[in-house]
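The values are calculated or read from the model by the stated rules, or taken from the named source; none is laboratory data. All values derive from a computational prediction rather than experimental measurement. Don't worry about glycine lacking a Cβ; one is built from the backbone with ideal geometry, like all the others, and counts go over all protein chains shown.
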């Protein structure tokens, strides 16, 4: 009872108690147990939200012949008849501009917009940005209520937010929750830096606004996790706003790019680099970054002076800039921090013509088979005839065998992949002896491997160094 009394005293006094071993008791200021009423906010903002119907009339080319059978049509209808989809949007200007998701209006032959007062208007697509799932449409109407666009940068985990939309046909539904996480990615779009929220979002909410307590739109709801409940994602307004402005100006979007292939840090690579933050450069094809001196294996830790935590965050920060914009990357290489300044290239041009960079052919030595017990693999060297039949280059060392306990196996490595580099040593006959010494001396090593899909880096702990 005395211990409980002391603990309670520490909590209410706002004191952090230091326990044995330097541990600290986590103490927070007491949160007032009262929930804000959002009735006034919902009443004011609901008229800015619209119901969008996407009507597709063109006959589909992928309909199986069996679906045109009269019996099929009798029970299931004409597969080539009009198809409709529905979603949400938010009016963001007095002259009728509406922000929604690209997938809400994609392939539409006709778009109808219904306001909360019951008026229905046809809409035209002004432009879209599929990479972030954004579309801007417009209606011709008077007496419109429109929402104010806010910023997503100040948003913090735990902030109250409101979602308004048309889930499952229940029009103008208001839900309430908090920001659950920031800088999320789920693989749906090329550029992702989602705000995660537990405000209920369902099918039909797509394109609707995520609103802060000031009544500002801080994101556009775009997706949910089908495996859980109340796990929704919104495209942040700071990512949307530059694309929206370009669409209003020209009807299209152009964005800058570094010209780098990125990958996240695995636990082993975090140990190798001695940090848990940053983004790893997996490959540098010909482009602006390569010309500036960025190299494969560099760790990007900041973009324009702002710390970078993960690849989704870096990609979204780059994406809000137009081609030709001067930027600065902070990079860690060989334990030293450097800065590289250069102009962004055009994302469309870079990613339409980019090719996987290949390692130069190694020296023509006669070492044909190399067994690396430290990694649990056997390597076979590729000859000229073998190189002509696939993506290999003459002199490449290909994994021919991989042991059951190989640390590469759990990283997805398999026979047929090329082992290009170990730490900073190219896998060549002349370096085999140095490579063995590196494997026996290092706690974690960095490997560069290549497949027909490109190159990537993995961090592994050699068998001799595993606990």
Problem - Residue check, residue 406 modelled with pLDDT of 85 or more, touching a strand residue (DSSP E or B) at 6+ places or on another chain (Cβ under 8 Å) and outside any strand (DSSP E or B) - result: yes
Practice task
Tell me which of these residue 118 doesn't satisfy, since it passes every other one: (1) more than 23 Å from residue 253 (Cβ to Cβ); (2) in contact with a strand residue (DSSP E or B) (Cβ under 9 Å, 6 or more places away or on another chain).
Solution key: (2)
Practice task
Given the conditions (1) farther than 30 Å from residue 454 by Cβ; (2) touching a residue at least 40 places away in the same chain (Cβ under 8 Å); (3) more than 15 Å from the chain's Cα centre (by Cα), report the number of the one that residue 266 does not fulfil.
Solution key: (1)
Practice task
Check whether at least one residue in the stretch 283-294 is crowded, with 18+ Cβ neighbours inside 10 Å and more than 22 Å from residue 454 (Cα to Cα), and report yes or no.
Solution key: no
Practice task
Tell me, please, whether a residue that is touching a strand residue (DSSP E or B) at 6+ places or on another chain (Cβ under 6 Å) and either assigned by TED's automatic domain parsing to the domain that holds residue 206 or at pLDDT 85 or above (or both) can be found in the stretch 30-39.
Solution key: yes
Completion exercise
Condition set at pLDDT 80 or above and under 32 Å from the mean Cα position of the chain (by Cα), scope the stretch 379-401, selection surrounded by the most Cβ atoms within 10 Å (Cβ to Cβ): answer is 399
Practice task
Scan 196, 153 and give me the residue that is surrounded by fewer than 22 Cβ atoms within 10 Å (Cβ to Cβ) and at pLDDT 90 or above.
Solution key: 196
Completion exercise
The correct count of residues that are in contact with a strand residue (DSSP E or B) (Cβ under 6 Å, 6 or more places away or on another chain) and on the phi > 0 side of the Ramachandran plot in the stretch 409-427 is 1
